[in-house]
Amino acid sequence: MKKRMRLCTAIIVGVALCVLPAGSAVGSEGTIVKEAPVARFTGNWFEIGKQVGMTYPEFIYEFGQTMGMVLNFAGPGNGWTPQAYYEEVKDLLPQSSKDHMQGMAEGLAEASILSSQQAWDIVLTQNFATDLLNMKRSLSEIPAPSAVEIRGCTAFAVTSAAGSFLCHNTDATFGSGDDNTAIMYWAPDNGDYAYLTMDPPGWADVAYALNENGIGVSMNAGRPNDNGAIGMPVNFMIRNVMEKAATLDEAVGFFQDLIDSGKNFGPGGAMVHIMDFNEQTMARLQIRSAVIDVTYGEENPSGATYIASANHYTGDFNPDSTFEYESSFERYDRLIELMNQTETFDPDTCWSILSDTNGGEADDNTISRRGDTNGTVFATIFTEDGVYYTLGPPHEYFAVYDSPAFAGYETISSSTLAAFAAVPGSRKITLNWQVDNSTGITGYNLYRSASQAGAYEKLNDTVITGDQSTITYEDTGLANRNRYFYKLGIVGAEGETMQTAIASATPRLLYLLFPVK
């Protein structure tokens with residue numbers, strides 16, 4: 001059975017790689033890129049979702065198409081589409097996430113030639129494909145999953161004299177480092193807490209985040225989730241925690257209250273780490289559909305407090321003593337060994353653990369992973385100040401760059417750039433942007449690159465000016481089917497301030513016949 005599972009996994013991965021369009025930097029070697037796109041979104045949740053859809057339309061479309069192909073091949077069938085699953089769980093979802101998805105679909109439709117229904121289908125596919133792939137035989141007329149071992153992550157949180165750190169290696173099928181993930185700051189105007197999230201931009205749920213109250217969260221897939229049920233996807237509960245929780249007890253309470261109310265989590269099991277950076281406290285939640293287990297930090301021999309996980313349940317929470325997941329077991333054993341032998345936990349030692357290859361070549365069983373098609377696609381260390389990260393396996397990233405990239409919470413939250421989008425045409429791209437407050441701004445400079453991390457060339461000879469709600473710039477004479485990346489500089493009395501947000505688009509001949517709306 002195990003060999004059959006691996007064969008199915010390899011086929012699924014092959015399908016995912018083959019369906020990505022020309023121009024995506026995807027391959028077994030992965031891509032090491034210095035920085036991820038960073039953007040800030042404000043307004044109500046529908047408006048935030050629409051801004052996201054207009055800022056990242058190509059990634060959302062490409063990733064949605066890929067996941068749709070995977071579902072067609074390895075999904076549960078029997079009428080279980082993303083729309084059908086959404087109808088089953090929508091009453092459990094935070095209203096913010098439903099508004100966000102609706103807005104994202106509208107933004108995607110406006111920034112592409114897709115119809116509103118096509119855009120909605122793509123958004124639902126991205127947000128519910130994982131739960132559909134995790135459906136098990138214990139659910140009526142749903143076949144066993146074929147994609148159990150595609151994803152795997154390694155996580156720990158630690159508090160010591162050097163500070164508190166929430167650390168995570170996110171493992172999946174390799175994709176382009178240019179657009180594999182984005183750092184997004186969501187600041188709603190409805191009273192929900194603002195937060196920083198590092199996830200694929202097409203997700204309205206959350207896996208790795210830090211909110212304005214100093215609550216940080218990360219998530220691993222958990223196995224084995226026996227008696228899987230249809231219910232609240234764990235990632236949507238994490239989103240709810242980011243928007244509502246100000247303490248560790250509140251964050252844990254949201255998960256426990258759902259179980260106590262007689263409701264279920266979805267078929268994808270999970271390991272969730274929560275850090276309260278204000279109180280320097282932490283909790284690990286092992287989650288199956290109908291039960292959770294909460295443990296708090298334990299001390300290592302040097303007195304540091306930590307929690308740690310790979311992708312299998314530990315202790316009495318594991319319902320199947322015969323369960324075997326080689327990669328998870330080996331990574332977890334090595335992680336616990338390192339947690340107990342480390343005397344001082346500072347950023348350097350935390351990165352050393354995330355970069356660990358057990359003294360040899362990285363493979364699918366090391367903490368910093370490198371399999372044939374799978375591996376660590378990004379690594380994160382959240383602190384109270386923001387997120388330090390690498391794109392690609394961290395041991396490979398540090399062979400190229402001396403230090404991790406950093407997205408500071410205060411810097412992003414105080415940015416004046418409210419929206420920045422690129423709309424493709426045939427041999428041209430139209431850039432649109434807005435700022436929250438134009439006071440002190442004398443104009444803008446626009447920069448273009450052939451890659452997200454490449455050298456950017458200034459496009460305008462004179463400073464661009466205009467009303468903050470209607471600023472546009474048309475970049476013409478471009479090559480169709482080549483992707484272009486843009487950054488913006490805001491010019492004031494004290495000079496130019498480069499913005500962290502990146503917009504991108506791909507001109508195509510198709511847009512000559514069917515212009516983007």
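Structure above, values below:
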{"quantity": "Check on S368, among the hydroxyl-bearing types (S, T, Y), in contact with a Pro (Cβ under 7 Å, 6 or more places away or on another chain), under 30 Å from P267 (Cβ atoms) and in the same structural domain as K263 (by TED's automatic domain parsing)", "calculated": "yes"}
{"quantity": "Residues within region 358-397 that are surrounded by fewer than 18 Cβ atoms within 10 Å (Cβ to Cβ) and not acidic (D, E), tallied", "calculated": "3"}
{"quantity": "Qualifying residue in region 482-500 (condition: within 15 Å of L431 (Cα to Cα) and touching a helix residue (DSSP H, G or I) at 6+ places or on another chain (Cβ under 8 Å))", "calculated": "yes"}
{"quantity": "Pairs with Cβ under 7 Å, 6+ apart, first in region 355-372 and without any contact (Cβ under 8 Å) to a residue 24 or more places away in the chain and more than 20 Å from C167 (Cβ to Cβ), second of a type outside the set (S, T, N, Q) and not in a loop (DSSP other than H, G, I, E, B)", "calculated": "D363/R370"}
{"quantity": "Elements of type strands (runs of 3 or more DSSP E) in region 343-413, at least 1 residues being closer than 19 Å to N220 by Cα", "calculated": "374-383, 386-391"}
{"quantity": "Meets criteria (part of a helix (DSSP H, G or I), under 25 Å from G75 (Cα atoms), of a type in the set (G, A, S) and in the same structural domain as T357 (by TED's automatic domain parsing)) for S289", "calculated": "no"}
{"quantity": "Selected residue (only one of S504, S438 is part of a strand (DSSP E or B) and surrounded by 15 or more Cβ atoms within 10 Å (Cβ to Cβ))", "calculated": "S504"}
{"quantity": "Some residue of region 259-271 being hydrophobic (A, V, I, L, M, F, W, C), surrounded by fewer than 20 Cβ atoms within 10 Å (Cβ to Cβ), more than 28 Å from P404 (Cα to Cα) and at pLDDT 95 or above", "calculated": "yes"}
{"quantity": "Answer from D348, D333, D316 - the residue that is out of contact with any Ser or Thr (no Cβ under 9 Å at 6 or more places or on another chain) and closer than 18 Å to T170 by Cα", "calculated": "D333"}
{"quantity": "Subset of region 461-493 [outside any loop (DSSP other than H, G, I, E, B), farther than 16 Å from A418 by Cβ and either aliphatic (A, V, I, L, M) or not assigned by TED's automatic domain parsing to the domain that holds N445 (or both)]", "calculated": "I464, V491"}
{"quantity": "Flag if F41 is out of contact with any Cys (no Cβ under 8 Å at 6 or more places or on another chain), among the aromatic types (F, W, Y) and farther than 14 Å from A129 by Cβ", "calculated": "yes"}
{"quantity": "Helices (runs of 4 or more DSSP H) enclosed by region 1-95 - at least 3 residues per element that are on the phi > 0 side of the Ramachandran plot, crowded, with 22+ Cβ neighbours inside 10 Å and modelled with pLDDT of 80 or more", "calculated": "none"}
{"quantity": "Selection status of F236, touching a Lys or Arg at 6+ places or on another chain (Cβ under 8 Å) and in a helix (DSSP H, G or I)", "calculated": "no"}
{"quantity": "Close pairs from region 194-211: first closer than 13 Å to A245 by Cβ and of a type outside the set (S, T, Y), partner at pLDDT below 95 and part of a strand (DSSP E or B), Cβ under 7 Å, at least 6 apart", "calculated": "V206/D199"}
{"quantity": "Residues satisfying the stated conditions in region 468-486, i.e. acidic (D, E) and surrounded by 15 or more Cβ atoms within 10 Å (Cβ to Cβ)", "calculated": "D475"}
{"quantity": "Residue in region 407-421 that is crowded, with 18+ Cβ neighbours inside 10 Å and in contact with a helix residue (DSSP H, G or I) (Cβ under 6 Å, 6 or more places away or on another chain) present", "calculated": "yes"}
{"quantity": "Positions within region 96-113 being crowded, with 21+ Cβ neighbours inside 10 Å and not hydroxyl-bearing (S, T, Y), in sequence order", "calculated": "H100, M101, G103, M104, A105, G107, L108, A109, A111"}
{"quantity": "Single residue of region 302-325 satisfying the filter (part of a loop (DSSP other than H, G, I, E, B) and without any contact (Cβ under 8 Å) to a residue 40 or more places away in the chain) that is surrounded by the most Cβ atoms within 10 Å (Cβ to Cβ)", "calculated": "T314"}
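The values are calculated or read from the model by the stated rules, or taken from the named source; none is laboratory data. This structure is a prediction, so every number in the text was calculated from the model and none was measured. Backbone-built Cβ (ideal geometry, glycine too); neighbour counts: all protein chains shown.
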